[in-house]
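What follows is a set of notes on a single structure, which appears directly below.
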Amino acid sequence: MYGSIESADLDDDGLIRVVDALNRHISAAHVALLRVIAEVDRRRAWHDSGARDLAHWLSIRYGMSWWKADRWIKAAAALDSLPAIADALETGVLGIDKVVELCRFATAETEDELIGWASDSTCATIRRRADLEVRAALNETTEFERDRSLRYWYEDGGRRFGLEARMPSAQGAIVAKALERVVDQIPAMPSYTDGVVIEARRADALLALCSQRIAGDADADRATVVVHASLEALSGRRNAETEHGAVMPPEALQRLACDARIQVVAENEANDAIALGRTKREPSASMMRQLRHRDRGCRFPGCGSTAFANAHHIVWWSRGGATDLDNLLLICGFHHRLVHEHGWTVQRSHDGRLRWFRADGSRYRGGPEHLATRADHDAFLDTG
């Protein structure tokens, strides 16, 4: 309705009234959008979209930063219990930037007072208070001291790995911080269930840290994971095992060949070694510099993550793929696992463009599905 208004026909006051009206319209739309985002989160409607989490899905689909998407998601969850703040946003009393910061620390008991304070405060002031409120809660730690210990073991016939550690809380805080620094970047895979997502992501964060440490170790001999594999295992029909007895399915073996330094020992039926696989799969330092300069970040459409982005062989290294720039691309840990363990594939065409395909073979493209005509757009809004 506002697109037809000619600004030249309005005096200054009239023009400002139009801006105010548009701001209220946008603010009301923001409330509606946050409520729908909360419903998308509850239904996990983003789950099979190639995104690692809801914030990643919003970032890919609508081009917003992950940081902004994460704040919007948390605000969307909080607004159900903050009706006064929701109303202040809907009527344009408070803007979206102030509301997302207030939602980090406001409660039903404090929201009325906070609305008046936030109306006269800058966004930076509100964000600073939110940072202090959140940090105060995170800094409440226990001081129970225990003897240091860490042990690990294999169980279930070598199919599972157990790990247990105890240490003074001050030292544990360092370990926790190292994991939390990467846990938001190590996403839940599509096969995970709601109840184990955070625990699985912490395990993935630990694996990522250890994989990087092994891959970067200058002592190649001592930092190589030795895998014993029969000819059936190499063809994907049987599990392999490490030198310490850990059972490794074929899909995990193929991904490990990209994530860490390994050497595969091919064996016959008598367990005699008949061939030693290559241990040099990682690109040289100069090649990695060229690869990072070319790709900038993860090459999955709309991702761009640089955290734990490693070189991936388009034709897999375990299948004889060459370690050269034409056969390499940067890919983050989440999308790496989509390729190796969830059936997604990527191809590079002669013009250098990448094409991604889901496990069912269908082509994947990032971004929303565009409506063909203005009439389609209006019809969609009428049914919404």
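With respect to being touching a Pro at 6+ places or on another chain (Cβ under 8 Å) and either modelled with pLDDT of 85 or more or of a type in the set (S, T, N, Q) (or both), Leu291 fits the description. Taking into account only those residues within the range 343-364 that are within 22 Å of the chain's Cα centre (by Cα) and surrounded by 14 or more Cβ atoms within 10 Å (Cβ to Cβ), which is nearest to Trp57 (Cα to Cα)? Across the range 343-364, the extreme among qualifying residues is Tyr364.
This table checks each residue for (1) over 27 Å from Ala69 (Cβ atoms); (2) of a type in the set (Gly, Ala, Ser); (3) in a helix (DSSP H, G or I).
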site: Val315; (1), (2), (3): yes, no, no
site: Thr323; (1), (2), (3): yes, no, no
site: Asp326; (1), (2), (3): yes, no, yes
site: Leu329; (1), (2), (3): no, no, no
site: Arg337; (1), (2), (3): no, no, yes
site: Val346; (1), (2), (3): no, no, no
site: Pro368; (1), (2), (3): no, no, no
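Taking each residue of the range 149-160 that is touching a residue at least 40 places away in the same chain (Cβ under 8 Å) and looking for partners that are of a type in the set (Gly, Ala, Ser) and part of a strand (DSSP E or B) with beta-carbon atoms closer than 8 Å, six or more apart or interchain, yields Tyr154/Gly162.
From the list Trp57, Trp72, the lone residue that is surrounded by 16 or more Cβ atoms within 10 Å (Cβ to Cβ), aromatic (Phe, Trp, Tyr), over 14 Å from the mean Cα position of the chain (by Cα) and assigned to a helix (DSSP H, G or I) is Trp72.
Against the conditions (1) of a type in the set (A, V, I, L, M, F, W, C); (2) part of a loop (DSSP other than H, G, I, E, B); (3) over 30 Å from Phe357 (Cα atoms); (4) at pLDDT below 90, Ala51 satisfies every one except (3). Scanning the range 84-107 for residues that are in a helix (DSSP H, G or I), touching a residue at least 24 places away in the same chain (Cβ under 8 Å) and open to solvent by 20 Å² or more (accessible area, probe 1.4 Å) yields Ala84, Glu90, Ile96, Asp97, Lys98. When Trp117, Trp67 are screened for being of a type in the set (A, V, I, L, M, F, W, C), assigned to a helix (DSSP H, G or I), open to solvent by 50 Å² or more (accessible area, probe 1.4 Å) and within 30 Å of Val339 (Cα to Cα), only Trp67 passes.
The values are calculated or read from the model by the stated rules, or taken from the named source; none is laboratory data. Because the structure is a prediction, the values reported are computed rather than measured. Neighbour counts are summed over all protein chains in view; Cβ atoms, including those assigned to glycine, are modelled from backbone coordinates with ideal geometry. In case anyone asks, the SASA skips ligands and DNA or RNA and just uses the protein heavy atoms, side chains included. Shrake-Rupley method; radii C 1.70, N 1.55, O 1.52, S 1.80 Å.
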